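A.B. asks: Here you go, one structure.
The values are calculated or read from the model by the stated rules, or taken from the named source; none is laboratory data. These numbers come from a predicted model, not from an experiment. A quick note on method: Cβ atoms are made from the backbone with ideal geometry, for glycine too, and the neighbour counts reach across all protein chains shown. For accessibility, only protein heavy atoms count, side chains too; no ligands or nucleic acids. Shrake-Rupley method; radii C 1.70, N 1.55, O 1.52, S 1.80 Å.
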Amino acid sequence: MSQIVMVTGATSGIGEATARLFARNGYDLILTGRRHMRLDRLQAEFESLGVKVWTLCFDIRYRDSTEESLRKLPTEWQEIDILVNNAGLASGLNPLHEGDWEDWDKMLDTNVRGLLCVSRIVTQGMVARQRGHVINVGSVAGRFTYPNGAVYSATKHAVNAITQGMRIDLVKHGIKVSQVSPGLVETEFSEVRFHGDKERAKKVYEWLEPLKGEDIAEAIYWMATRPAHVNINDLWIMPTAQASPAYTSRNT
Ligand code: NDP
Ligand code: 8X3
């Protein structure tokens, strides 16, 4: 029987690449995001590979709709084997004293509260079955803070703490908990961070070769396919041209 993988934030970037890699390898997929047309397109693409797909369109910031979507999963989709907690974003890049309340709410509600809500619900089923694997998408910003990134960084430090805490709480139930912590990955991340300013977003990846969503997808897939007795706690992955969040080497 094939395993069920749920990827939150599957409509672009790392989540989309992860979903595509699992689909190519024959896993059944639950895909989430807010952009339903993209979810429909991915569903059609993956089903053409012979893979079963269920899509859930909801905003992870709202607990009621998140809970409702997950609780309404048809019985045959409820036994999630692997949860990839990927949905997340940065919004704004400002010194703390100039921070925007809305940006802060978006980041805290998506990256921390949203991840917690999905994890609580999905791991209840994993505990009942005494098996499962949760893979959280953290960031190098979960270890280092960089100028103007205090709040995004705080949310990813929280993901790091939640990952460690979940691992402790779930170890006696045979559930694996892993984290992948990427550096610069060229996705829609910077466009979202700069509120749709494509030109400014492009500059983030100029004069160096950033990671691609596929690079992180490969790491996630590798973590998910280790033998039963092996858990990968955390993988830090940066482009060769990046030494820390704020230090890169650019060929200008
Ligand atoms: P993208 O912007 O390309 O993808 C973000 C995904 O998250 C989209 O599928 C989006 O779906 C989903 N998402 C965002 N907000 C919500 C929400 N409120 N409700 C539901 N889904 C939501 O960025 P990345 O692929 O780069 O980001 C994926 C993860 O990787 C994030 O957690 C990010 O913090 C992390 N990361 C990214 C790095 C980078 O350099 N790109 C580096 C380190 C970590 P939709 O808009 O359809 O809702
Ligand atoms: C995204 C990585 O360094 O651009 O989590 O904030 S960084």
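A.B. asks: If Pro239 satisfies all but one of (1) more than 10 Å from ligand 1 (Cβ to nearest atom); (2) part of a loop (DSSP other than H, G, I, E, B), what's the number of the condition it fails?
C.D. replies: (1)
A.B. asks: Taking interchain pairs and intrachain pairs at least six residues apart, which have beta carbon atoms under 9 angstrom, with the first residue in region 181-207 and without any contact (Cβ under 8 Å) to a residue 40 or more places away in the chain and near ligand 1 (Cβ under 9 Å from one of its atoms) and the second among the basic types (Lys, Arg) and open to solvent by less than 30 Å² (accessible area, probe 1.4 Å)?
C.D. replies: Partner pairs satisfying both residue conditions: Val204/Arg193.
A.B. asks: Among what's in region 1-16 and is over 19 Å from Asp81 (Cα atoms) and touching a Gly at 6+ places or on another chain (Cβ under 6 Å), pick the residue that is surrounded by the most Cβ atoms within 10 Å (Cβ to Cβ). Give the derivation first.
C.D. replies: So the first thing to find is which residues in region 1-16 are over 19 Å from Asp81 (Cα atoms), and the list is 11-14.
Next, only the ones that are touching a Gly at 6+ places or on another chain (Cβ under 6 Å) stay: 11, 13-14.
Details: Thr11: 23, Gly13: 22, Ile14: 28.
It comes out as Ile14.
A.B. asks: Within region 208-252, which residues are surrounded by 15 or more Cβ atoms within 10 Å (Cβ to Cβ), farther than 18 Å from Thr145 by Cα and hydroxyl-bearing (Ser, Thr, Tyr)?
C.D. replies: Tyr221 - this is the single residue of region 208-252 that is surrounded by 15 or more Cβ atoms within 10 Å (Cβ to Cβ), farther than 18 Å from Thr145 by Cα and hydroxyl-bearing (Ser, Thr, Tyr).
A.B. asks: Within region 30-38, is there a residue that is of a type in the set (A, V, I, L, M) and more than 22 Å from Glu218 (Cα to Cα)?
C.D. replies: Yes: region 30-38 contains one or more residues that are of a type in the set (A, V, I, L, M) and more than 22 Å from Glu218 (Cα to Cα).
A.B. asks: Name the residue that is nearest to Cys117 (Cα to Cα), counting only residues in region 131-143 that are away from ligand 1 (no atom under 12 Å from the Cβ) and either in contact (Cβ under 8 Å) with a residue 60 or more places away in the chain or open to solvent by 90 Å² or more (accessible area, probe 1.4 Å) (or both). Walk me through how you get there before you give the answer.
C.D. replies: Taking region 131-143 first, the residues away from ligand 1 (no atom under 12 Å from the Cβ) are 131-134.
Retained after the next criterion (residues that are either in contact (Cβ under 8 Å) with a residue 60 or more places away in the chain or open to solvent by 90 Å² or more (accessible area, probe 1.4 Å) (or both)): 131, 133.
Details: Arg131: 19, His133: 16 Å.
Ranking the qualifying residues of region 131-143, first place goes to His133.
A.B. asks: Here's another thing I want to ask about it. Quick one: in region 163-207, of everything that is of a type in the set (Phe, Trp, Tyr), assigned to a loop (DSSP other than H, G, I, E, B) and crowded, with 16+ Cβ neighbours inside 10 Å, which residue is nearest to ligand 2 (Cβ to nearest atom)? I'd like the intermediate steps shown before the answer.
C.D. replies: Going residue by residue through region 163-207, those that are of a type in the set (Phe, Trp, Tyr) are 189, 194, 205, 207.
The next check asks that each one be assigned to a loop (DSSP other than H, G, I, E, B); those that pass are 194, 205, 207.
Among the residues that remain, those that are also crowded, with 16+ Cβ neighbours inside 10 Å are: 194, 205.
On the way: Phe194: 12, Tyr205: 10 Å.
The residue in question is Tyr205.
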